[in-house]
Amino acid sequence: MNFEFTEEQLMIRQAAKDFAERVLLPDVIERDEHAIFPTEHVKQLAELGFLGMMTDPKYDGGGMDTVSYVLAMEEISKIDASVSVIMSVCNSLVNWGLETYGNEEQKEKYLKPLARGEKIGAFLLSEPEAGSDATSQRTTAEDKGDYYLLNGTKNWITNAASASTYLVIAQTNPELKHKGINALIVEKDWPGVTLGPHENKMGMRSSDTHSVMFTDVKVPKANRIGENGFGFSFAMKTLDGGRIGIASQALGLASGALELSIKYSKERKAFGTEICNHQAIAFKLSDMAVKVENARNLCLKAAWLKDTHQPYGLISAMAKQYCADIAMEVTTEAVQIHGGYGYVREYHVERLMREAKLTQIYEGTSEVQKIVISRSLIK
Amino acid sequence: MKILVCLGNVPDTTTKIRFNSDMTRFDVTGVQWVINPWDELALTRAIELKEQSGGKIEKVTVVNVGKIDSEPTIRKALAIGADDAVRIDADAADSYFIAAQIAEAVKSEKFDIIFAGIESSDYNAASVGGMLAEFLDIPSVSSVSSVEITNDEMILKREIEGGKETLTIPTPFVAIIQKGICINPRIPAMRGIMMARTKPLTVVPPADIQLMTEMSVFELPPAKGTCKMVDAEDTDKLVDLLHNEAKAI
């Protein structure tokens with residue numbers, strides 16, 4: 001066993017930390033409050049190569065491993081989870097999905113500009129009536145010979161407005177149930193693609209979330225990923241990796257809240273001493289640190305399994321569920337440690353708490369992760 | 001045209017400073033090492049100048065005096081954008097030793113512009129740049145906060161009391177770099193980190209240089225005294241304490 005990071009992994013972690021502290025931190029509160037998309041910040045993130053950091057260099061990516069990705073996601077999420085969710089969707093869902101299952105033409109046309117960060121991607125699976133139950137797709141991709149006719153509505157789409165490349169999951173053969181589903185590459189500016197209003201969210205307010213409507217959108221057959229009927233399998237396999245991204249995001253929210261709590265508790269005095277010297281606070285810090293360490297180890301194990309080409313679906317589900325749940329617990333305790341200051345915006349922890357809540361919901365709720373985990377235990 | 005940037009490997013500025021029991025050696029346990037902040041700014045400006053030069057500046061080289069454990073710091077400089085690196089395989093004993101070693105190692109390559117940070121954030125000797133220029137027998141300009149190249153002319157700005165002065169200088173020269181030379185140090189990009197593996201890092205043996213100083217003992221500053229709170233209305237007591245106890249007035 002070797003728990004040491006390589007020099008490159010440490011360099012990437014430091015680069016992500018420097019970027020987060022220097023570029024994201026100065027206006028993170030303002031962007032959260034007014035739900036402003038981080039246009040310039042994402043541009044810089046792309047220039048540094050973080051949006052395509054795991055994609056093979058032959059497709060213009062950074063060629064970094066999943067462990068590096070976890071380290072970078074944690075550092076960026078400590079400061080701004082709205083930015084790290086953009087990074088997660090681009091890396092783990094869109095780029096990975098295209099690189100692993102797309103054909104060479106698709107990679108040349110769509111993956112390369114995404115990996116260079118010139119374009120942003122979005123992953124369109126959830127529907128008004130199909131969130132966790134992804135088999136119940138109502139969006140249809142009717143086979144019209146040399147193209148699919150796409151109709152339906154997708155909900156809760158991260159990057160919906162900022163992305164130009166969509167990966168859309170839609171039903172072609174309802175009688176085949178989930179085996180009739182396809183994954184299609186759709187360009188946002190094609191006729192028939194319409195954005196719903198911007199969702200006014202509790203947290204992650206700086207990332208753009210919309211519903212997307214498709215009305216008779218013609219999608220060339222060349223834009224189908226994999227064989228006919230591969231779409232559900234594509235979505236599930238891609239989400240296995242996506243869970244590592246969101247688990248790392250939740251880890252960053254928790255470790256960021258812990259760092260802020262340690263700092264605050266060493267400065268704030270009550271009853272004649274810094275509050276970290278009171279056992280009530282010290283033991284909270286201890287509990288938080290144990291959870292963060294466990295969470296980090298789960299994320300890194302999932303990443304290591306993926307990097308060494310071993311099955312990682314189970315551990316990534318464990319990481320997603322555990323990290324999201326402890327992110328909620330740790331950020332809530334961070335607000336408690338900060339007392340009244342924790343309830344106001346300038347101390348950051350209330351934002352981390354609002355953001356942590358979403359990690360228990362999106363890309364598979366904690367309950368869905370438990371289905372995945374328990375089924376693998378008893379099968 | 002070629003630029004050389006002198007690179008110090010220093011403890012991260014948030015490091016808790018500890019010494020061994022007889023206070024003769026800095027305890028490096030758990031220390032995170034970084035590029036000396038002034039050198040990192042100098043490196044960033046050197047890379048910017050190269051990028052803006054339209055090919056006239058052919059390369060940026062970094063040089064470090066240090067043992068193998070300074071290589072992660074050197075490779076970060078390569079990841080940021082330096083083209084190659086030289087490590088002189090010796091402990092960085094003092095400013096004279098460092099300057100003499102660098103001069104010996106680089107004199108044959110004839111760099112046109114040499115950047116040295118104004119000081120290092122650990123020992124703060126602020127003398128390597130000046131000494132290096134002397135060893136190489138070329139001019140040096142201290143406290144440089146701007147370097148521009150316009151029509152092949154080197155235009156430097158220096159911080160002086162109450163303002164700045166602008167001067168031009170022929171190459172070769174040493175510019176001793178102050179803050180302000182660039183806005184922020186550059187963050188290495190993924191591509192740079194990946195390419196750093198393949199860039200040349202040459203290790204050279206140290207020249208035979210005799211040390212001029214010997215470190216005797218370190219001292220930590222005295223611990224801060226406790227803070228006394230005085231009631232805002234009680235100015236007499238405040239004056240009394242400042243006068244009789246702190247002897248500040």
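Readers should treat all values here as calculations from the given coordinates under stated rules, not as data from a laboratory. Just so it is clear, the structure is predicted and the values come from calculations on it, not from any experiment. Cβ sites come from the backbone with ideal geometry, for glycine too, and all protein chains shown count toward neighbours.
Summary table below
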item: When the range A:7-115 is reduced to its Cα atoms, the Kirkwood hydrodynamic radius in Å; result: 14.1
item: Peptide B:52-61 - average C-beta neighbours from other chains (10 Å radius); result: 0
item: Label point distance in nm, B:Asp208-A:His309, each placed 7 Å from Cα along Cα→Cβ; result: 5.5
item: Rounded to the nearest 20 debye, dipole of the protein assembly as shown from Cβ charges on Lys, Arg, Asp, Glu; result: 1820
item: 0 to 90° range, to nearest 10: angle between helix A:366-378 axis and chain A longest Cα axis; result: 80
item: For the range B:25-41, Karplus couplings with θ = phi - 60° (6.51, -1.76, 1.60), whole Hz, Gly/Pro x; result: 9, 6, 7, 8, 4, x, 7, 9, 9, 9, 6, 3, x, 5, 5, 5, 5
item: Loop sites in the range B:1-105: GluC sites (Glu not before Pro), DSSP, at most 16 other Cβ within 10 Å; result: B:Glu58
item: Cleavage-rule hits (GluC sites (Glu not before Pro)) in the range B:124-167: DSSP loop, at most 16 neighbouring Cβ within 10 angstrom; result: B:Glu161
item: Cross-link pairs A:Lys58/A:Lys357; A:Lys177/A:Lys379; A:Lys284/B:Lys16 - those with Cα-Cα distance over 28 Å; result: A:Lys58/A:Lys357
item: Vicinal HN-Hα couplings computed from phi for the range A:37-53 (Karplus, 6.51 cos²θ - 1.76 cosθ + 1.60; Hz; Gly/Pro x); result: 5, x, 4, 5, 5, 5, 4, 5, 4, 5, 4, 6, x, 6, 6, x, 5
item: Where N is the number of residues in the range B:2-221, Cα Rg divided by 2.2 N^0.38 Å; result: 1.00
item: Partner aspartates and glutamates for B:Lys67 [C-alpha distance under 13 Å; skip if fewer than 8 residues away on the same chain]; result: B:Asp89, B:Asp91
item: Placed amide H near A:Leu124: partners under 5 Å, 5+ positions off or other chain; result: A:Leu167, A:Val168, A:Ile169
item: Chain A: angle of helix A:66-79 to the longest principal axis, Cα-based, in degrees nearest 10; result: 60
item: Fewest-first ranking of A:Arg243, B:Arg87, using other Cβ atoms within 10 Å as the exposure measure; result: B:Arg87, A:Arg243
item: Estimated 222 nm signal from helices in chain A, with DSSP H stretches of n ≥ 4 weighted -39500 (n - 2.57), rounded to 500; result: -15000 deg cm²/dmol
item: B:Thr14/A:Asp216 FRET efficiency (R0 56 Å; Cβ-Cβ; nearest 0.05); result: 0.45
item: Gap separating the Cα centres of the range A:335-350 and the range A:290-313, nearest whole Å; result: 31
item: Bridge type composition, the range A:121-232 - antiparallel percent by DSSP, nearest 5; result: 85
item: Rounded to whole Hz, the Karplus (6.51, -1.76, 1.60) HN-Hα couplings of the range B:42-53, x for glycine and proline; result: 4, 5, 4, 5, 4, 5, 4, 4, 5, 5, 7, 7
item: Dipole magnitude of the range A:210-258 about its Cα centre (Cβ charges: Lys, Arg +1; Asp, Glu -1), debye to nearest 20; result: 100
item: Least to most buried among B:Cys182, B:Cys227 (fewest other Cβ within 10 Å first); result: B:Cys227, B:Cys182
item: Helical mean residue ellipticity (222 nm; -39500 (n - 2.57) per DSSP H run of 4+; nearest 500) of chain B; result: -7000 deg cm²/dmol
item: Centroid-to-centroid separation of the range B:206-243 and the range B:30-65 [C-alpha atoms, Å]; result: 35
item: Rounded FRET efficiency, nearest 0.05, which uses the C-beta distance separating A:Met236 from A:Ala280 and R0 of 35 Å; result: 0.20
item: Potential lengthening between A:Lys109 and A:Arg138 on full extension [0.36 nm per residue; Cα-Cα distance subtracted]; result: 7.6 nm
item: Contour minus Cα-Cα distance for B:Ile183 and B:Asp240 (0.36 nm per residue); result: 15.9 nm
item: Pairwise label distance in nanometres, A:Thr194 with B:Val217, each label 7 Å out on the Cα-Cβ vector; result: 8.3
item: Pairwise centroid distance, computed over Cα atoms, of the range A:152-179 with the range A:230-279, Å; result: 30
item: Neighbour-count ranking [beta-carbon atoms within 10 angstrom, fewest first] of B:Glu119, A:Glu74, B:Glu245; result: B:Glu245, B:Glu119, A:Glu74
item: With Cα atoms, 0 to 90° folded angle of helix A:313-338 axis to chain A main axis; result: 40
item: FRET efficiency, 1/(1 + (r/R0)^6) with R0 41 Å, evaluated for B:Ile160 and A:Tyr341 via beta carbons; result: 0.40
item: For chain A, built as a Gaussian network whose Cα springs stay under 10 Å, the top-fluctuating residue of A:Ala160, A:Ala327, A:Ala289; result: A:Ala289
item: Paired Rg and Dmax values of chain A, which use every Cα atom, in angstrom; result: 20.7, 78
item: For chain A, built as a Gaussian network whose Cα springs stay under 10 Å, the top-fluctuating residue of A:Ser211, A:Ser68, A:Ser286; result: A:Ser286
item: Out-of-range pairs (alpha-carbon distance over 19 Å; input B:Lys56/B:Lys110; A:Lys109/A:Lys237; A:Lys179/A:Lys221; A:Lys17/A:Lys201); result: A:Lys109/A:Lys237; A:Lys17/A:Lys201
item: Estimated inter-spin distance, B:Ala232 and B:Glu153, nm [label 7 Å along Cα→Cβ]; result: 5.8
item: Amide H partners (placed H, <5 Å) of B:Ala126, local residues excluded; result: B:Ser120
item: Average other protein chain Cβ within 10 Å of Cβ, residues A:11-18; result: 5
item: Under 5 Å, built H, 5+ apart or other chain: amide partners of B:Met154; result: B:Ile169
item: Reachable aspartates and glutamates from A:Lys43, criterion Cα separation under 12 angstrom, eight or more residues apart if same chain; result: A:Glu118
item: Average beta-carbon neighbours from other chains, 10 Å sphere, peptide B:191-204; result: 3
item: Around A:Ala257: net Lys/Arg minus Asp/Glu count, Cβ-Cβ under 9 Å; result: -1
item: Share, in percent, of DSSP beta bridges within the protein assembly as shown that are antiparallel, nearest 5; result: 60
item: Paramagnetic label zone (point 7 Å from Cα along Cα-to-C-beta, B:Phe26; backbone N under 18 Å) in the range B:121-136; result: B:121-129
